[in-house]
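Written below as C-alpha cells is the structure these notes are about.
The values are calculated or read from the model by the stated rules, or taken from the named source; none is laboratory data. Small disclaimer: the values here were computed from a predicted structure and weren't measured. Using ideal geometry, Cβ is built from the backbone for each residue, glycine included, and neighbour counts are taken over all protein chains shown. What goes into the accessible areas is simple: the full protein's heavy atoms, side chains included, and nothing from ligands, DNA or RNA. Shrake-Rupley method; radii C 1.70, N 1.55, O 1.52, S 1.80 Å.
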Amino acid sequence: MKYKLKVIIGSTRPSRKGPIVADWFLKIVKQHADFEVELLDLKEIDLPLMDEPNHPRLRQYTKEHTRKWSKAIDEADAYVFVTPEYNYGPPATLKNAMDYLFEEWQEKPVGFVSYGGVSGGTRAIQELKLTITTLGMMPLPQAVNIPFFTQFINEDEVFEANEPLEKSAHVMLEKLQSWTKALKRMREDSK
Ligand SMILES: Cc1cc2nc3c(=O)[nH]c(=O)nc-3n(C[C@H](O)[C@H](O)[C@H](O)COP(=O)(O)O)c2cc1C
C-alpha cells in the first residue's frame, strides 16, 4: 500500500531557492516505493493572509482557496516541509498556510528539509515545532538540514548533494514511513 506524502515548499518570494532544494528531495523520495508523492508549492497555491471568519476547527470554510487547501492537506498521510529560515524563524507563508486548517493536520507525521547559512535552517524548524505539535502533528527529529546551502547549487541551478545529505534524506524518509504507517493505523482505529 502506498502512503500519500505531500512535500510543501514554504517560501514564495521571487528568486527563491526553495524549488531547487525541493526538486532534489523529490528525486530521493521517488526511490522510496512506499510513498506516492505530490508537491504543494505555496507560491502556486497562493493563499492570502488568513481570511476565514470561523475557527478552522469548525471546518466552516467560506473561501474556495481554503476548501482546496483543506482537501490537499486532508488527503495526505504525511508531510515534508521544505523550509528556509527567515530571521531565525520559518517564513510567514508557511505559518499562514498551517493556521488555515486544524483537523486536516491531526495525527500525521512531518519531516523537514531545511536550508540556510550556518544554522542550516534548524532554528526555523524549532520554531515550527510549536505550531506543528499544537496542530496535533508528530514532528520527526530526523531531518535534512543544509548549512551554507548555496554551495550545493550548481551553475544550472540544480542541487547537487553530498553523501551525508543524501544519507540524511534516506534516514528521514525511512523514519517517516514508520510513523506514517503507525499513525494511519491509529487514525483508522479511532474512527
Ligand atoms: C527575509 C530573510 C531573512 C533571512 N534570515 C535568515 C536567517 O535567519 N538564517 C539564515 O540562515 N538565512 C537567512 N536568510 C537567508 C536565506 O537562507 C536565503 O536567502 C535563502 O535563499 C532563503 O530561502 P528562499 O530562497 O527559498 O526564500 C534570510 C533571507 C531572507 C530573504
Per residue Cα convex hull volume for the range 1-101, in cubic angstrom? 106 Å³
Residue by residue through the range 73-86, the couplings from Karplus 6.51 cos²θ - 1.76 cosθ + 1.60 with θ = phi - 60°, in Hz, x for Gly and Pro, are 7, 4, 7, 7, 9, 7, 10, 10, 8, 9, 9, x, 10, 10
Longer than 29 Å from Cα to Cα, which of LYS129/LYS167; LYS17/LYS184; LYS30/LYS181; LYS2/LYS63; LYS30/LYS63 are they? Say none if no pair is. LYS17/LYS184; LYS2/LYS63; LYS30/LYS63
Based only on Cα atoms, what mean projected area does the convex hull of the range 3-189 have, in nm²? 10.3 nm²
Can you sort TRP105, TRP179 by solvent-accessible area, 1.4 Å probe, largest first? TRP179, TRP105
Taking LYS27 as the anchor, which aspartates and glutamates have their alpha carbon closer than 14 Å to its alpha carbon, excluding any fewer than eight residues away along the same chain? GLU36, GLU38, GLU160, GLU166
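Determine the dipole magnitude for the chain: charges of +1 sit on the beta-carbon of Lys and Arg, -1 on that of Asp and Glu, nothing else is charged, the reference point is the Cα centre, and the result goes in debye to the nearest 20.
So the dipole magnitude of the chain works out to roughly 520 debye.
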Karplus-derived 3J(HN,Hα), 6.51/-1.76/1.60, for each residue of the range 128-137, Hz, glycine and proline x: 4, 4, 4, 6, 4, 6, 5, 8, x, 8
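Given a Förster distance of 22 Å, report the FRET efficiency between HIS55 and LYS95 from their Cβ-Cβ distance, rounded to the nearest 0.05.
Calculated transfer efficiency: 0.85.
If you roll a 1.4 Å probe over the heavy atoms of the protein chains, what accessible area per residue do you get for the range 3-189, in Å²?
Heavy-atom accessible area per residue stands at 49 Å².
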Run the reach check for LYS68 against lysines, Cα to Cα strictly under 21 Å, same-chain hits fewer than 8 apart removed. What comes back? LYS4, LYS6, LYS43, LYS95, LYS108
State the percentage of accessible surface on the chain attributable to carbon and sulfur atoms; use a 1.4 Å probe and exclude ligands, DNA and RNA. 51 percent
For the range 144-157, in residue order, the Karplus 3J(HN,Hα) values (coefficients 6.51, -1.76, 1.60; θ = phi - 60°; whole Hz; Gly and Pro = x) are 9, 10, 10, x, 6, 5, 5, 4, 9, 9, 7, 5, 8, 6
